[in-house]
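Undergrad: Take a look at the following structure, please.
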Amino acid sequence: MSRSLSPTVLAILFAAASVRAEPPHASYIFPAGGQRGTTVNVKVGGHYLHDRCTWEMLGRGVTVPSELTRTETLWFEGPLIKQPASQQAEDYPQDYSGHVQIAADAMLGSQWWRCTSAQGVTSPLPFVIGDLPEVVEEEIDGEAIPVQVALPVTVNGRIFPREDSDVWTFDARAGQSITCAVSARDLGSPLVARLEAADASGQVLAESTGESSSEARLRFIAPSSSRYSVRIADVAAGGLQHYVYRLTVTAGSWIDHVYPLGGRRGSTLKLEATGQALGGERMEFGVPDIAPSVIDPAIETTAGRTSPMRFDVGDLPEELEAEPNETAEQSKSVATPLILNGRIQTAGDVDLWQIQLAKDKPVVFEVRSLRLGSPLLAVLTIRDASGKQLAQADASESGDGELSLAFSAPTDGKYLLEIRERFARRGGPQFAYRIKIAEPQPDFQLFAPDAIAVDVSTEKKLDVLVAWRGESKTPLTLHVDGLRAGVTCDDVQVPPNAKKASLTLKCAAGTPVTGANLRIVGRGEIDGQPIERVAVWAGQKDGFGRGEPIPCRLATTLPTPFKFTAEYSFIYTPRGGVLKKRYAIDRGSFEGPLVAQLAERQGRHLQGVTGPVIAISAGDDQFEYPLALPPWMELGRTSRTNLMLTGEVQDAAGTPHKVCFTTRDQNEQLIAVVTASAMRLSLERRTYAIQPNRELRIPVTIRRDRSASSPIRLELGVPRHMRDISAEPVDVLADSDQGTLIVKIGPQPGPLNMALAIRAVGQSGDSPTVAEEPVELVQIDRNAP
């Protein structure tokens, strides 16, 4: 019978040095978004989330179940990866099922989600709310099969496995403008997309790989009323489960660039926009009275609703440039504080502004461009009335392409503010900017981690970063709201000028596993007035986490009491064979049953290596793990595989929770040097022509060494998406080297977009051995002459 740890035993274990556990990790959500007013079934890919985990999505208008549950994980092996690429670390996330219910009036843009387990919290990832009809890719292995969609549409897909590509087709009228735009980077996806649009004959009409500050987007004019396609792939021929994307294809209204890039809260702006199907009108936009500093509104026009645009929001007066303004005499005189809006209209263009400054009174100039969709890489210069340079800042020297320049005038008077593009050959109406000019107001911001996990009966420090503004600095008091019973955190006094403070969260013995969203508050006094600021996640700094602010998530957690150990070894193992290794279990007073299996995060790509789930009975202190090497593995390669051990413990409330242990230490790895197989197959042909409702005979010759002297079973491996193709296994006697598979072809075989596998399974000594060869089927066109 399984025995769980009592709270007393748990307390003893927790007080001692616990075994290092593997915290949970979220890799993707697929699809990565959905349309307003719909319910979207999703798969969340994660590591060490076990059978189920707590799930939350923050934001108005979205509802999700409180838990995600483990489901079948879709896996495509993809092409053989050779050294040294095969020696890189690789993740193998498992799929969890859930759904997102999206209200008809849900806020457009990103909402954030995360998972919590008994061993920690995953980092937030976005889920995007759109308003166009959506399509979700039905994923299959092999060469891309074009899928027809109706415009306008947002396609949700994945580039999976490596070297994969997806092809989407659609109908367009002659002269119609079509925009195809990818979102991947903003989803947390590693995909760097390459788009290629083609006509029905395969003639490429447009292509794009995006730029450093923007993702791939292309536009073409349909030369005739016909069917067109867009192909998406990774520029480096990569691809895996987390290479998710959202591809919007539309002939509707689309904004490429807008001017000005922002406006004052509560104002109504006339916008100049360039793009597709905008109706040739100046658009009007009412800036909300209450809004974060960066929003993504769509605008209603006579031609329809536009695509979302990134828009900066402020509270200062706004001023638009008036061309020409290249000389001091032409420059517009403005009074601070304010926000300047302008454009570097042509290559080599320079904009000048005239401002009145007081002696020794500090002023901060902040330029915003790249983060708002403008390609401008700004250089900002301050000159005196004679044109002498007094200060300069270059956006190319900053990490994010934005710049901030603090300046104190040496005398009262008028000064020239000059802005230009870093590279003189660049410019155009899209090279817009906003310059915020204001005295530095005494203030501060707090930045906290998105989550913290504290083991029961322990304590952990939570670092809060303090970003000061202006000259006046004040002592602060940090306080935490939202703590659950059993967790305490004393207020912390932060001295002036301190850039970091540490809160100590203490989790008492007997506290059950739970989660809570914390509110970390800093309170002080500036110029005699109380001031309070709430810590935000650094990922939402400056308004980039649009949607609900992400609070710091607290998880009270359980350490893993057990671990496994082994002696270092490496074994020459034939491909298609099995490597076995024995392990000892250090249970740490845990006597319940355990499960051993492949770790979900590996130090090297598995390259087809597989292993079973091994059940270990209560009390057992050792186990043997068999690792199967695929028959196509690269010869001479050193394979290193990591295991994980999972067990179930109870928290103080008696609720069972799964915890796990894994390690990448060499002693505990299964290390195999890959040698030649004990058995090989030879086929008369690699390609066979087939016809519906017929049978196909495939002769197979088996070549084996003396160790593989057992009877052999021949099988046909048919990819899961292919239909109407099957073959009964064939047994080949130990003294024979010939066998024939009889393949039955149904009425509609296919799709024939990849090879099938002829597989032979036998015994080499006391272990299974496998050989495999690919075979391609090609359907005969019965209508061909």
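Undergrad: Take the residues of the stretch 678-690 that are open to solvent by 50 Å² or more (accessible area, probe 1.4 Å) and farther than 16 Å from Ala757 by Cβ: which is nearest to the chain's Cα centre (by Cα)?
TA: Only one residue tops the list, namely Ala689.
Each row is one residue, and each column tells you yes or no for (1) buried (at least 19 other Cβ atoms within 10 Å of the Cβ); (2) of a type in the set (A, V, I, L, M, F, W, C); (3) closer than 21 Å to Glu567 by Cα.
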{"residue": "Val595", "(1), (2), (3)": "no, yes, yes"}
{"residue": "Leu598", "(1), (2), (3)": "yes, yes, yes"}
{"residue": "Ser617", "(1), (2), (3)": "no, no, no"}
{"residue": "Glu624", "(1), (2), (3)": "no, no, yes"}
{"residue": "Gly636", "(1), (2), (3)": "no, no, no"}
{"residue": "Leu645", "(1), (2), (3)": "yes, yes, yes"}
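Undergrad: May I pose another question? Note down all Cβ pairs under 6 Å where the first residue falls in the stretch 439-461 and is touching a residue at least 24 places away in the same chain (Cβ under 8 Å) and under 26 Å from Gly515 (Cβ atoms), the second is assigned to a loop (DSSP other than H, G, I, E, B) and open to solvent by less than 30 Å² (accessible area, probe 1.4 Å), and they're at least six residues apart or on different chains.
TA: Every condition considered, the pairs that remain are Leu446/Ala535; Ala448/Ala535; Asp450/Pro124; Asp450/Ile550; Asp455/Pro559; Val456/Thr511.
Undergrad: Scan the stretch 207-250 residue by residue and report those that are open to solvent by 20 Å² or more (accessible area, probe 1.4 Å) and of a type in the set (A, V, I, L, M).
TA: Residues satisfying the conditions are Ile221, Ala233, Val235, Ala236, Ala237.
Undergrad: Looking only at the stretch 762-785, which residues are at pLDDT below 90 and more than 23 Å from Leu696 (Cα to Cα)?
TA: Ser764, Gly765, Asp766, Ser767
Undergrad: Okay, next question. When the stretch 428-446 is examined, which residues are found to be part of a loop (DSSP other than H, G, I, E, B) and either of a type in the set (A, V, I, L, M, F, W, C) or on the phi > 0 side of the Ramachandran plot (or both)?
TA: Here is the first cut: in the stretch 428-446, the ones part of a loop (DSSP other than H, G, I, E, B) are 428-431, 439-442.
If the condition is that a residue be part of a loop (DSSP other than H, G, I, E, B) and either of a type in the set (A, V, I, L, M, F, W, C) or on the phi > 0 side of the Ramachandran plot (or both), then Gly428, Phe431 are the ones that fit.
Undergrad: Could you tell me how many of the residues in the stretch 178-217 are in contact (Cβ under 8 Å) with a residue 12 or more places away in the chain, assigned to a loop (DSSP other than H, G, I, E, B) and of a type in the set (Gly, Ala, Ser)? Please lay out each step first, then the result.
TA: Quick first cut of the stretch 178-217, residues in contact (Cβ under 8 Å) with a residue 12 or more places away in the chain only: 178-200, 205-211, 213-217.
Remaining after also requiring assigned to a loop (DSSP other than H, G, I, E, B): 184, 188-192, 199-200, 209-210, 213, 215-216.
From what is left, the residues that are of a type in the set (Gly, Ala, Ser) are 184, 188-189, 200, 210, 213, 216.
Qualifying residue count for the region: 7.
Undergrad: Moving to a separate point now. Mind counting the residues in the stretch 126-152 that are within 19 Å of Ala200 (Cβ to Cβ) and not in a loop (DSSP other than H, G, I, E, B)?
TA: Of the residues in the stretch 126-152, the ones within 19 Å of Ala200 (Cβ to Cβ) are 143-151.
Filter once more, so that each one left must be not in a loop (DSSP other than H, G, I, E, B): 147-148.
Of the residues in that region, 2 qualify.
Undergrad: Which residue is least open to solvent (accessible area, probe 1.4 Å), if the candidates are limited to the stretch 367-384 and must be over 30 Å from the mean Cα position of the chain (by Cα) and not aliphatic (A, V, I, L, M)?
TA: Restricting to residues being over 30 Å from the mean Cα position of the chain (by Cα) and not aliphatic (A, V, I, L, M), the top hit is Thr381.
Undergrad: For Arg114, which of the numbered conditions (1) charged (D, E, K, R); (2) within 20 Å of Ser189 (Cα to Cα); (3) surrounded by fewer than 20 Cβ atoms within 10 Å (Cβ to Cβ) fails to hold?
TA: Against the list (1) charged (D, E, K, R); (2) within 20 Å of Ser189 (Cα to Cα); (3) surrounded by fewer than 20 Cβ atoms within 10 Å (Cβ to Cβ), Arg114 comes up short only on (3).
Undergrad: Hey, can you tell me all the residues within the stretch 298-312 that are closer than 19 Å to Ser267 by Cβ and in contact (Cβ under 8 Å) with a residue 60 or more places away in the chain?
TA: Passing the criteria: Ala298, Met309, Arg310, Phe311, Asp312.
Undergrad: What residue, among those in the stretch 83-99 that are in contact with a Ser or Thr (Cβ under 7 Å, 6 or more places away or on another chain) and part of a strand (DSSP E or B), is surrounded by the most Cβ atoms within 10 Å (Cβ to Cβ)? Talk me through it step by step, then tell me what you get.
TA: Of the residues in the stretch 83-99, the ones in contact with a Ser or Thr (Cβ under 7 Å, 6 or more places away or on another chain) are 91, 93-97, 99.
Next, only the ones that are part of a strand (DSSP E or B) stay: 91, 94-97, 99.
Numbers: Asp91: 17, Gln94: 20, Asp95: 20, Tyr96: 25, Ser97: 14, His99: 14.
It comes out as Tyr96.
Undergrad: Could you tell me whether any residue of the stretch 667-677 is open to solvent by 70 Å² or more (accessible area, probe 1.4 Å) and under 30 Å from Lys744 (Cβ atoms)?
TA: no
Undergrad: Got a sec? Which strands (runs of 3 or more DSSP E) wholly within the stretch 544-645 have at least 2 residues that are touching a Pro at 6+ places or on another chain (Cβ under 8 Å)? It would help to see each step written out before you state the result.
TA: Values: elements: 552-557, 563-565, 570-574, 578-586, 594-598, 614-616, 622-628, 638-641.
Qualifying strands (runs of 3 or more DSSP E): 552-557, 578-586, 614-616, 622-628.
Undergrad: Which condition number in (1) charged (D, E, K, R); (2) under 24 Å from Ser767 (Cα atoms); (3) surrounded by 13 or more Cβ atoms within 10 Å (Cβ to Cβ) is the one that Arg706 fails?
TA: In the conditions (1) charged (D, E, K, R); (2) under 24 Å from Ser767 (Cα atoms); (3) surrounded by 13 or more Cβ atoms within 10 Å (Cβ to Cβ), Arg706 misses (3) alone.
Undergrad: May I pose another question? Test Ser123 against the criterion of being open to solvent by 40 Å² or more (accessible area, probe 1.4 Å) and either assigned to a loop (DSSP other than H, G, I, E, B) or within 30 Å of Ile550 (Cβ to Cβ) (or both), and give yes or no.
TA: On the way: open to solvent by 40 Å² or more (accessible area, probe 1.4 Å): yes; either assigned to a loop (DSSP other than H, G, I, E, B) or within 30 Å of Ile550 (Cβ to Cβ) (or both): yes.
Yes.
Undergrad: Here is a further query. So, of the residues in the stretch 385-429 that are of a type in the set (Phe, Trp, Tyr) and open to solvent by less than 70 Å² (accessible area, probe 1.4 Å), which turns out to be farthest from Leu352 (Cα to Cα)? Don't jump to the end; show me each part of the working.
TA: So the first thing to find is which residues in the stretch 385-429 are of a type in the set (Phe, Trp, Tyr), and the list is 407, 415, 423.
Subsequent filtering for residues that are open to solvent by less than 70 Å² (accessible area, probe 1.4 Å) retains 407, 415.
Values: Phe407: 17, Tyr415: 10 Å.
Restricting to residues being of a type in the set (Phe, Trp, Tyr) and open to solvent by less than 70 Å² (accessible area, probe 1.4 Å), the top hit is Phe407.
Undergrad: Got at least one residue in the stretch 736-756 being open to solvent by less than 40 Å² (accessible area, probe 1.4 Å), β-branched (Val, Ile, Thr) and within 24 Å of Pro574 (Cα to Cα)?
TA: No: the stretch 736-756 contains no residue that is open to solvent by less than 40 Å² (accessible area, probe 1.4 Å), β-branched (Val, Ile, Thr) and within 24 Å of Pro574 (Cα to Cα).
Undergrad: Identify, from the list Leu247, Leu218, Leu240, Leu269, the residue that is more than 26 Å from Phe127 (Cβ to Cβ) and aliphatic (A, V, I, L, M). Outline the logic, then answer.
TA: On the way: Leu247 fails: more than 26 Å from Phe127 (Cβ to Cβ); Leu218 fails: more than 26 Å from Phe127 (Cβ to Cβ); Leu240 fails: more than 26 Å from Phe127 (Cβ to Cβ).
Of the residues listed, the single one that is more than 26 Å from Phe127 (Cβ to Cβ) and aliphatic (A, V, I, L, M) is Leu269.
Undergrad: Residues of the stretch 302-334 being in contact with a strand residue (DSSP E or B) (Cβ under 8 Å, 6 or more places away or on another chain), open to solvent by 20 Å² or more (accessible area, probe 1.4 Å) and hydroxyl-bearing (Ser, Thr, Tyr), which ones?
TA: Once the filter is applied, which keeps residues that are in contact with a strand residue (DSSP E or B) (Cβ under 8 Å, 6 or more places away or on another chain), open to solvent by 20 Å² or more (accessible area, probe 1.4 Å) and hydroxyl-bearing (Ser, Thr, Tyr), the stretch 302-334 yields Thr327, Ser333.
Undergrad: Okay, next question. Contact list please: Cβ distance under 7 Å, first residue in the stretch 704-721 and in contact (Cβ under 8 Å) with a residue 40 or more places away in the chain, second residue assigned to a loop (DSSP other than H, G, I, E, B) and of a type in the set (Asp, Glu), pairs at least six apart or on different chains.
TA: Correct list of pairs: Pro719/Asp141; His721/Asp141.
Undergrad: Next question. Among (1) among the small types (Gly, Ala, Ser); (2) farther than 22 Å from Gly157 by Cα; (3) buried (at least 19 other Cβ atoms within 10 Å of the Cβ), there is one condition Gly130 misses while meeting the rest; what is its number?
TA: In the conditions (1) among the small types (Gly, Ala, Ser); (2) farther than 22 Å from Gly157 by Cα; (3) buried (at least 19 other Cβ atoms within 10 Å of the Cβ), Gly130 misses (2) alone.
Let's see how each residue does on (1) open to solvent by 20 Å² or more (accessible area, probe 1.4 Å); (2) over 29 Å from Tyr48 (Cα atoms):
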| site | (1), (2) |
| --- | --- |
| Thr474 | no, yes |
| Thr488 | yes, no |
| Gln493 | yes, yes |
| Gly510 | yes, no |
| Gly515 | no, no |
| Gly524 | no, yes |
| Thr556 | no, no |
| Pro574 | yes, yes |
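The values are calculated or read from the model by the stated rules, or taken from the named source; none is laboratory data. Not measured: the values here are computed from a predicted model. For neighbour counting, all protein chains shown are included, and Cβ atoms are generated from backbone atoms with ideal geometry for every residue, glycine included. Protein only, heavy atoms only, side chains kept; ligands, DNA and RNA dropped before computing areas. Shrake-Rupley method; radii C 1.70, N 1.55, O 1.52, S 1.80 Å.
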